[in-house]
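Readers should treat all values here as calculations from the given coordinates under stated rules, not as data from a laboratory. Note that the coordinates shown come from a computational prediction; the quantities given were computed from them, not determined experimentally. FYI the Cβ positions are ideal-geometry reconstructions off the backbone, even for glycines, and counts take in every protein chain you see.
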Amino acid sequence: MTAGATERGAQTTSGAHQGDGAPYVPVFTGAVKGELDATLSRYPTKMAALLPALWLVQRERGWVSDDAMAEVAKLLEITPAYVKGVVTFYTMYHQHPPAKYVVQVCTTSPCGVCGAEQVVEALLRHTRCEELGATSADGRYSVIEVECLGACGFATPIMINDTFIESVSADKVPQLLAGLP
């Protein structure tokens, strides 16, 4: 399944459903279950493989739903609350279907001094997102702030999906967005 796809199809044995009423389809079947099993073999405990398991979910579904968190918890023999705590802690996991382009902006102190707030304002204006974390009306953009992208020497860094871009200033935002397909 591709990123952004919805979780629809066969019902699980628990009878769980998506929020929209559609039956939940497990992520870890077939080849994806094989990937998880191979991943588990590289870790000392099942719990230690939580982040890679969540990446598999997000790769397959585009986001990590509550039902997917419960599935991961069951497979790794940990509580759904623990999985939810990890998903909500890290900004890299989407808890809702994401926009086509998820733009992350570092707004920590070093980037703040170098104009991160102006970059955020320019991104919100040019993407027509009304606020951080919101998705534009056309579903094309979401802009979020993150604590650090690890490029303090090249402020302000942003990521658009998996593409890392250094030294972004507010005046470069229109050109960056225009270059997206």
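Structural remarks
- Matching residues in region 88-97 - criterion: being in a loop (DSSP other than H, G, I, E, B) and either crowded, with 19+ Cβ neighbours inside 10 Å or more than 10 Å from the chain's Cα centre (by Cα) (or both): HIS94
- Those strands (runs of 3 or more DSSP E) of region 100-181 in which 1 or more residues are among the hydroxyl-bearing types (Ser, Thr, Tyr) occupy 101-106, 141-146, 163-165.
- Taking each residue of region 150-169 that is touching a residue at least 12 places away in the same chain (Cβ under 8 Å) and looking for partners that are among the aromatic types (Phe, Trp, Tyr) and outside any strand (DSSP E or B) with beta-carbon atoms closer than 6 Å, six or more apart or interchain, yields GLU166/PHE154; SER167/PHE154.
- GLU117 being buried (at least 17 other Cβ atoms within 10 Å of the Cβ) and either in contact with a Ser or Thr (Cβ under 8 Å, 6 or more places away or on another chain) or of a type in the set (Val, Ile, Thr) (or both): no
- Of all residues in region 33-87, those that are within 19 Å of ASN161 (Cα to Cα), basic (Lys, Arg) and either surrounded by fewer than 20 Cβ atoms within 10 Å (Cβ to Cβ) or without any contact (Cβ under 8 Å) to a residue 24 or more places away in the chain (or both) total 1.
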